[in-house]
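Report on the following structure.
The values are calculated or read from the model by the stated rules, or taken from the named source; none is laboratory data. The structure displayed is predicted, hence computed values, not measured ones. Note that we place each Cβ from the backbone using ideal geometry, even for glycine, and neighbour counts take in every protein chain shown.
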Amino acid sequence: MMEFLHMGGYAGYIWSSYGIVMVVLLLNLFFSWRRHQTVLRRLKQLHSSGNNES
Amino acid sequence: MSEQNKTWLWFHRMGSPAYFYNFAGLLLPWCVIATVILMLIGLIGGLVYAPADYQQGEGFRIIYVHVPSAWMSMFVYMVMAINGAIFLIWHIKLSDIIARSSAVIGASFTFLALATGSIWGKPMWGTWWVWDARLTSELLLLFLYLGYIGLRAAIDDRRVAGKAASILALVGVINIPIIHYSVVWWNTLHQPASISKFDNPSIHIDMLIPLLCMALAFKLFYLCILLINSRSELLEQEKRTQWVKELVTSS
(Lines give C-alpha, C1' and ligand atoms only; values in the text may rest on other atoms or scores of the structure.)
Protein backbone atom coordinates (compact mmCIF):
# COMPACT_ATOMS: atom_id res chain seq x y z
CA MET A 1 0.00 0.00 0.00
CA MET A 2 2.75 2.47 0.91
CA GLU A 3 4.53 1.48 -2.25
CA PHE A 4 1.40 2.26 -4.26
CA LEU A 5 1.03 5.68 -2.62
CA HIS A 6 4.74 6.36 -3.12
CA MET A 7 4.42 5.86 -6.92
CA GLY A 8 8.10 5.19 -7.45
CA GLY A 9 9.05 8.66 -6.22
CA TYR A 10 6.46 10.48 -8.35
CA ALA A 11 3.83 10.60 -5.60
CA GLY A 12 3.67 14.39 -5.33
CA TYR A 13 3.30 14.86 -9.07
CA ILE A 14 0.79 12.08 -9.65
CA TRP A 15 -1.50 12.69 -6.69
CA SER A 16 -1.52 16.45 -7.23
CA SER A 17 -2.51 15.97 -10.91
CA TYR A 18 -5.29 13.54 -10.07
CA GLY A 19 -6.39 15.74 -7.18
CA ILE A 20 -6.62 18.92 -9.23
CA VAL A 21 -8.57 17.11 -11.96
CA MET A 22 -11.11 15.67 -9.52
CA VAL A 23 -11.53 18.99 -7.72
CA VAL A 24 -12.12 20.97 -10.92
CA LEU A 25 -14.55 18.39 -12.34
CA LEU A 26 -16.52 18.15 -9.09
CA LEU A 27 -16.67 21.95 -8.83
CA ASN A 28 -18.15 22.07 -12.34
CA LEU A 29 -20.76 19.51 -11.35
CA PHE A 30 -21.54 21.31 -8.09
CA PHE A 31 -21.98 24.76 -9.62
CA SER A 32 -24.03 23.48 -12.56
CA TRP A 33 -26.31 21.57 -10.23
CA ARG A 34 -26.67 24.46 -7.79
CA ARG A 35 -27.47 26.84 -10.62
CA HIS A 36 -30.21 24.53 -11.88
CA GLN A 37 -31.79 24.44 -8.42
CA THR A 38 -31.56 28.24 -8.17
CA VAL A 39 -33.24 28.72 -11.55
CA LEU A 40 -36.03 26.30 -10.62
CA ARG A 41 -36.60 28.08 -7.30
CA ARG A 42 -36.61 31.54 -8.85
CA LEU A 43 -39.04 30.58 -11.60
CA LYS A 44 -41.28 28.92 -9.06
CA GLN A 45 -41.45 32.20 -7.14
CA LEU A 46 -42.06 34.11 -10.36
CA HIS A 47 -45.02 31.99 -11.37
CA SER A 48 -46.55 31.36 -7.97
CA SER A 49 -46.56 35.02 -6.93
CA GLY A 50 -48.99 35.62 -9.77
CA ASN A 51 -47.21 38.60 -11.29
CA ASN A 52 -45.32 38.35 -14.54
CA GLU A 53 -43.45 41.62 -14.23
CA SER A 54 -39.86 40.85 -13.30
CA MET B 1 -44.14 4.52 -40.32
CA SER B 2 -40.92 4.47 -42.28
CA GLU B 3 -37.56 4.87 -40.61
CA GLN B 4 -37.00 8.21 -42.27
CA ASN B 5 -40.26 9.57 -40.91
CA LYS B 6 -39.37 8.39 -37.43
CA THR B 7 -36.05 10.19 -37.63
CA TRP B 8 -37.74 13.38 -38.75
CA LEU B 9 -40.30 13.09 -36.00
CA TRP B 10 -37.49 12.75 -33.48
CA PHE B 11 -35.75 15.86 -34.79
CA HIS B 12 -39.01 17.73 -34.75
CA ARG B 13 -39.65 16.75 -31.15
CA MET B 14 -36.13 17.67 -30.06
CA GLY B 15 -36.85 21.11 -31.47
CA SER B 16 -39.60 21.42 -28.86
CA PRO B 17 -38.06 22.88 -25.70
CA ALA B 18 -40.39 21.02 -23.34
CA TYR B 19 -39.58 17.70 -24.97
CA PHE B 20 -35.84 18.36 -24.93
CA TYR B 21 -36.01 19.40 -21.27
CA ASN B 22 -37.67 16.13 -20.27
CA PHE B 23 -35.47 14.03 -22.52
CA ALA B 24 -32.33 15.59 -21.02
CA GLY B 25 -33.71 14.99 -17.53
CA LEU B 26 -34.30 11.30 -18.25
CA LEU B 27 -30.87 10.86 -19.83
CA LEU B 28 -28.96 12.58 -17.02
CA PRO B 29 -28.98 9.87 -14.29
CA TRP B 30 -27.83 7.19 -16.76
CA CYS B 31 -25.15 9.48 -17.98
CA VAL B 32 -23.91 10.10 -14.42
CA ILE B 33 -23.87 6.36 -13.63
CA ALA B 34 -21.96 5.53 -16.82
CA THR B 35 -19.44 8.31 -16.10
CA VAL B 36 -18.77 7.04 -12.57
CA ILE B 37 -18.35 3.40 -13.68
CA LEU B 38 -16.02 4.24 -16.56
CA MET B 39 -13.99 6.63 -14.46
CA LEU B 40 -13.52 3.98 -11.75
CA ILE B 41 -12.40 1.43 -14.32
CA GLY B 42 -10.06 3.98 -15.87
CA LEU B 43 -8.61 5.08 -12.52
CA ILE B 44 -8.02 1.56 -11.22
CA GLY B 45 -6.66 0.39 -14.56
CA GLY B 46 -4.43 3.43 -14.93
CA LEU B 47 -3.14 3.68 -11.38
CA VAL B 48 -2.88 -0.02 -10.50
CA TYR B 49 -2.95 -2.40 -13.45
CA ALA B 50 -1.09 -0.51 -16.16
CA PRO B 51 2.62 -1.41 -16.08
CA ALA B 52 5.12 1.34 -15.32
CA ASP B 53 6.62 3.00 -18.38
CA TYR B 54 10.14 1.87 -19.27
CA GLN B 55 11.37 5.45 -19.65
CA GLN B 56 9.13 7.45 -17.35
CA GLY B 57 8.50 4.92 -14.58
CA GLU B 58 5.35 5.57 -12.56
CA GLY B 59 5.31 9.21 -13.60
CA PHE B 60 3.65 8.42 -16.93
CA ARG B 61 0.38 7.72 -15.07
CA ILE B 62 -0.38 11.43 -15.29
CA ILE B 63 -1.34 10.84 -18.94
CA TYR B 64 -4.59 9.20 -17.79
CA VAL B 65 -5.89 12.59 -16.75
CA HIS B 66 -3.73 14.79 -18.98
CA VAL B 67 -4.52 13.30 -22.40
CA PRO B 68 -8.33 13.05 -21.92
CA SER B 69 -8.36 16.67 -20.66
CA ALA B 70 -6.39 17.82 -23.69
CA TRP B 71 -8.63 15.90 -26.11
CA MET B 72 -11.74 17.32 -24.44
CA SER B 73 -10.39 20.88 -24.53
CA MET B 74 -10.39 20.66 -28.34
CA PHE B 75 -13.55 18.56 -28.65
CA VAL B 76 -15.65 20.95 -26.54
CA TYR B 77 -14.28 23.89 -28.50
CA MET B 78 -15.38 22.27 -31.76
CA VAL B 79 -18.85 21.58 -30.32
CA MET B 80 -19.04 25.24 -29.30
CA ALA B 81 -17.87 26.53 -32.69
CA ILE B 82 -20.08 24.22 -34.76
CA ASN B 83 -23.14 25.10 -32.70
CA GLY B 84 -22.15 28.75 -33.03
CA ALA B 85 -22.14 28.35 -36.82
CA ILE B 86 -25.54 26.62 -36.75
CA PHE B 87 -26.90 29.43 -34.61
CA LEU B 88 -25.52 32.10 -36.94
CA ILE B 89 -26.86 30.45 -40.11
CA TRP B 90 -30.17 28.88 -39.07
CA HIS B 91 -30.90 30.79 -35.83
CA ILE B 92 -31.57 27.56 -33.94
CA LYS B 93 -31.87 28.51 -30.28
CA LEU B 94 -30.92 25.08 -28.98
CA SER B 95 -27.54 25.42 -30.69
CA ASP B 96 -26.90 28.67 -28.88
CA ILE B 97 -27.86 26.99 -25.62
CA ILE B 98 -25.45 24.10 -26.25
CA ALA B 99 -22.63 26.51 -27.13
CA ARG B 100 -23.29 28.63 -24.06
CA SER B 101 -23.46 25.56 -21.80
CA SER B 102 -20.08 24.31 -23.04
CA ALA B 103 -17.86 27.32 -22.41
CA VAL B 104 -17.02 26.91 -18.71
CA ILE B 105 -16.48 23.15 -18.80
CA GLY B 106 -14.37 23.56 -21.95
CA ALA B 107 -12.22 26.17 -20.23
CA SER B 108 -11.91 23.81 -17.25
CA PHE B 109 -10.63 20.97 -19.44
CA THR B 110 -8.13 23.32 -21.07
CA PHE B 111 -6.91 24.51 -17.67
CA LEU B 112 -6.58 20.87 -16.53
CA ALA B 113 -4.63 19.90 -19.64
CA LEU B 114 -2.20 22.76 -19.01
CA ALA B 115 -1.95 22.16 -15.25
CA THR B 116 -1.43 18.39 -15.43
CA GLY B 117 0.97 18.82 -18.36
CA SER B 118 2.95 21.27 -16.31
CA ILE B 119 3.07 18.91 -13.33
CA TRP B 120 4.23 16.14 -15.67
CA GLY B 121 6.81 18.42 -17.26
CA LYS B 122 8.60 19.21 -14.02
CA PRO B 123 10.01 15.71 -13.36
CA MET B 124 10.21 14.66 -17.04
CA TRP B 125 11.52 17.76 -18.79
CA GLY B 126 12.90 19.47 -15.71
CA THR B 127 10.71 22.52 -16.18
CA TRP B 128 7.11 23.53 -15.44
CA TRP B 129 6.73 25.44 -18.67
CA VAL B 130 8.37 26.03 -22.04
CA TRP B 131 7.13 28.35 -24.78
CA ASP B 132 6.90 25.57 -27.29
CA ALA B 133 4.28 25.39 -30.03
CA ARG B 134 2.01 22.80 -28.40
CA LEU B 135 1.96 24.48 -24.99
CA THR B 136 1.60 27.99 -26.37
CA SER B 137 -1.28 27.09 -28.70
CA GLU B 138 -3.06 25.27 -25.85
CA LEU B 139 -2.62 28.37 -23.66
CA LEU B 140 -4.10 30.42 -26.50
CA LEU B 141 -7.08 28.05 -26.45
CA LEU B 142 -7.61 28.84 -22.77
CA PHE B 143 -7.60 32.57 -23.59
CA LEU B 144 -10.10 31.95 -26.40
CA TYR B 145 -12.42 30.23 -23.94
CA LEU B 146 -12.01 33.03 -21.39
CA GLY B 147 -12.61 35.66 -24.09
CA TYR B 148 -15.72 33.78 -25.18
CA ILE B 149 -17.07 33.64 -21.62
CA GLY B 150 -16.21 37.31 -21.04
CA LEU B 151 -17.82 38.43 -24.28
CA ARG B 152 -21.05 36.64 -23.48
CA ALA B 153 -21.08 38.09 -19.97
CA ALA B 154 -20.44 41.61 -21.26
CA ILE B 155 -23.47 41.76 -23.61
CA ASP B 156 -26.90 41.86 -22.01
CA ASP B 157 -28.98 40.99 -25.06
CA ARG B 158 -28.85 37.21 -25.28
CA ARG B 159 -29.25 37.12 -29.05
CA VAL B 160 -26.53 39.67 -29.74
CA ALA B 161 -24.23 37.98 -27.22
CA GLY B 162 -24.81 34.64 -28.94
CA LYS B 163 -23.94 36.07 -32.35
CA ALA B 164 -20.81 37.90 -31.19
CA ALA B 165 -19.55 34.90 -29.21
CA SER B 166 -20.21 32.54 -32.13
CA ILE B 167 -18.13 34.72 -34.45
CA LEU B 168 -15.31 34.74 -31.91
CA ALA B 169 -15.51 30.95 -31.57
CA LEU B 170 -15.42 30.49 -35.34
CA VAL B 171 -12.40 32.74 -35.77
CA GLY B 172 -10.66 30.79 -33.01
CA VAL B 173 -11.22 27.45 -34.79
CA ILE B 174 -8.00 28.17 -36.71
CA ASN B 175 -6.17 27.38 -33.46
CA ILE B 176 -7.46 23.78 -33.29
CA PRO B 177 -5.46 22.31 -36.21
CA ILE B 178 -2.50 24.36 -34.98
CA ILE B 179 -2.68 22.61 -31.59
CA HIS B 180 -3.12 19.21 -33.21
CA TYR B 181 -0.33 19.49 -35.75
CA SER B 182 2.01 21.63 -33.64
CA VAL B 183 4.04 18.56 -32.68
CA VAL B 184 4.43 17.68 -36.36
CA TRP B 185 4.99 21.13 -37.87
CA TRP B 186 7.44 22.40 -35.31
CA ASN B 187 10.29 20.68 -33.59
CA THR B 188 8.77 20.85 -30.14
CA LEU B 189 9.62 19.48 -26.75
CA HIS B 190 6.14 17.95 -26.50
CA GLN B 191 6.08 14.37 -27.72
CA PRO B 192 4.10 13.50 -30.87
CA ALA B 193 0.86 11.53 -30.70
CA SER B 194 1.08 7.85 -29.82
CA ILE B 195 -2.59 6.93 -29.86
CA SER B 196 -3.92 8.18 -33.18
CA LYS B 197 -1.55 5.89 -35.07
CA PHE B 198 -4.14 3.13 -35.08
CA ASP B 199 -2.35 0.98 -37.64
CA ASN B 200 0.61 0.70 -35.33
CA PRO B 201 -0.19 2.18 -31.92
CA SER B 202 3.00 2.64 -29.98
CA ILE B 203 1.42 1.96 -26.61
CA HIS B 204 0.91 -1.27 -24.69
CA ILE B 205 -2.67 -2.59 -24.61
CA ASP B 206 -2.76 -2.60 -20.77
CA MET B 207 -1.82 1.08 -20.87
CA LEU B 208 -4.22 1.86 -23.70
CA ILE B 209 -7.46 0.42 -22.31
CA PRO B 210 -7.54 2.58 -19.12
CA LEU B 211 -6.73 5.60 -21.27
CA LEU B 212 -9.67 4.93 -23.59
CA CYS B 213 -11.94 4.38 -20.54
CA MET B 214 -10.84 7.71 -19.08
CA ALA B 215 -11.33 9.45 -22.42
CA LEU B 216 -14.87 8.09 -22.67
CA ALA B 217 -15.56 8.95 -19.02
CA PHE B 218 -14.45 12.55 -19.63
CA LYS B 219 -16.68 12.73 -22.69
CA LEU B 220 -19.64 11.44 -20.70
CA PHE B 221 -18.86 13.85 -17.88
CA TYR B 222 -19.03 16.69 -20.38
CA LEU B 223 -22.39 15.33 -21.53
CA CYS B 224 -23.65 15.36 -17.91
CA ILE B 225 -22.61 19.00 -17.48
CA LEU B 226 -24.07 19.87 -20.88
CA LEU B 227 -27.42 18.29 -19.95
CA ILE B 228 -27.63 20.09 -16.60
CA ASN B 229 -26.55 23.47 -18.01
CA SER B 230 -28.76 23.35 -21.06
CA ARG B 231 -31.77 22.52 -18.88
CA SER B 232 -31.04 25.62 -16.76
CA GLU B 233 -30.50 27.77 -19.85
CA LEU B 234 -33.68 26.46 -21.43
CA LEU B 235 -35.75 27.32 -18.36
CA GLU B 236 -34.28 30.83 -18.28
CA GLN B 237 -34.90 31.39 -21.95
CA GLU B 238 -38.45 30.01 -21.87
CA LYS B 239 -39.45 31.30 -18.44
CA ARG B 240 -42.62 33.03 -19.64
CA THR B 241 -44.00 30.03 -21.51
CA GLN B 242 -46.84 27.81 -20.42
CA TRP B 243 -44.79 24.62 -20.17
CA VAL B 244 -42.27 26.20 -17.79
CA LYS B 245 -45.08 27.61 -15.70
CA GLU B 246 -46.72 24.20 -15.46
CA LEU B 247 -43.39 22.55 -14.72
CA VAL B 248 -42.36 24.81 -11.84
CA THR B 249 -45.78 25.15 -10.23
CA SER B 250 -46.62 21.43 -10.37
CA SER B 251 -43.48 20.27 -8.51
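Here's the yes/no breakdown for (1) closer than 27 Å to B:Asp206 by Cα; (2) surrounded by fewer than 21 Cβ atoms within 10 Å (Cβ to Cβ):
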| position | (1), (2) |
| --- | --- |
| B:Tyr21 | no, yes |
| B:Leu26 | no, yes |
| B:Ile41 | yes, yes |
| B:Ser108 | no, no |
**Complete:** Of the residues in the range B:213-251, those that are more than 7 Å from chain A (Cβ to nearest Cβ), crowded, with 18+ Cβ neighbours inside 10 Å and over 26 Å from B:Ala161 (Cα atoms) come to B:Cys213, B:Met214, B:Ala215, B:Ala217, B:Phe218, B:Leu220, B:Leu247
**Message:** Among the residues in the range A:16-31, are any more than 30 Å from B:Lys219 (Cα to Cα), assigned to a helix (DSSP H, G or I) and more than 7 Å from every other protein chain (Cβ to nearest Cβ)?
**Reply:** no
**Fill in**
With the first residue restricted to the range B:160-182 and required to be in contact (Cβ under 8 Å) with a residue 24 or more places away in the chain, and the second required to be of a type in the set (Lys, Arg) and surrounded by fewer than 17 Cβ atoms within 10 Å (Cβ to Cβ), Cβ contacts under 6 Å at 6 or more apart or on different chains are none
**Message:** Any residue at all in the range B:143-160 that's part of a helix (DSSP H, G or I) and within 14 Å of B:Ser69 (Cα to Cα)?
**Reply:** no
**Fill in**
Scanning the range B:71-92 for residues that are touching a Phe, Trp or Tyr at 6+ places or on another chain (Cβ under 8 Å) and of a type outside the set (S, T, N, Q), the one farthest from B:Met207 (Cα to Cα) turns out to be B:Met80
**Item:** Residues located in the range B:172-204, provided they are assigned to a loop (DSSP other than H, G, I, E, B) and modelled with pLDDT of 90 or more
**Value:** B:Val173, B:Ile174
**Message:** Looking at the range B:107-134, I want the residues that are under 23 Å from A:Val24 (Cα atoms) and have a partner that is assigned to a loop (DSSP other than H, G, I, E, B) and polar (S, T, N, Q) with Cβ atoms under 8 Å, at least 6 apart or on another chain. Which pairs are those?
**Reply:** B:Gly121/B:Thr127; B:Arg134/B:Thr188
**Request:** Select, from B:Ala113, B:Ala154, B:Ala169, the only residue that is within 25 Å of B:Glu236 (Cα to Cα), modelled with pLDDT of 95 or more and under 21 Å from the mean Cα position of the chain (by Cα).
**Result:** B:Ala169
**Item:** Single residue of the range B:112-126 satisfying the filter (more than 15 Å from B:Val67 (Cβ to Cβ) and more than 7 Å from chain A (Cβ to nearest Cβ)) that is surrounded by the fewest Cβ atoms within 10 Å (Cβ to Cβ)
**Value:** B:Gly126
**Residues of the range A:23-42 satisfying the condition of being over 9 Å from the mean Cα position of the chain (by Cα) and surrounded by 14 or more Cβ atoms within 10 Å (Cβ to Cβ)** = A:Arg35, A:His36, A:Val39, A:Leu40, A:Arg42
**Request:** Tell me, please, whether a residue that is in contact with a Gly (Cβ under 6 Å, 6 or more places away or on another chain) and under 22 Å from B:His66 (Cα atoms) can be found in the range B:181-201.
**Result:** no
**Message:** Checking B:Ala154 against (1) surrounded by fewer than 17 Cβ atoms within 10 Å (Cβ to Cβ); (2) touching a Lys or Arg at 6+ places or on another chain (Cβ under 9 Å): exactly one of these is not met. Which one?
**Reply:** (2)
**Any chance B:Glu58 is within 24 Å of B:Phe218 (Cβ to Cβ) and of a type in the set (Asp, Glu)** = yes
**Message:** Residues that are within 14 Å of another protein chain (Cβ to nearest Cβ) and farther than 30 Å from A:Tyr13 by Cβ, at least 2 per element: which helices (runs of 4 or more DSSP H) completely within the range B:1-110 meet that?
**Reply:** B:17-44
**Asked** Does the range B:133-141 contain any residue that is modelled with pLDDT of 95 or more and under 13 Å from the mean Cα position of the chain (by Cα)?
**Response** yes
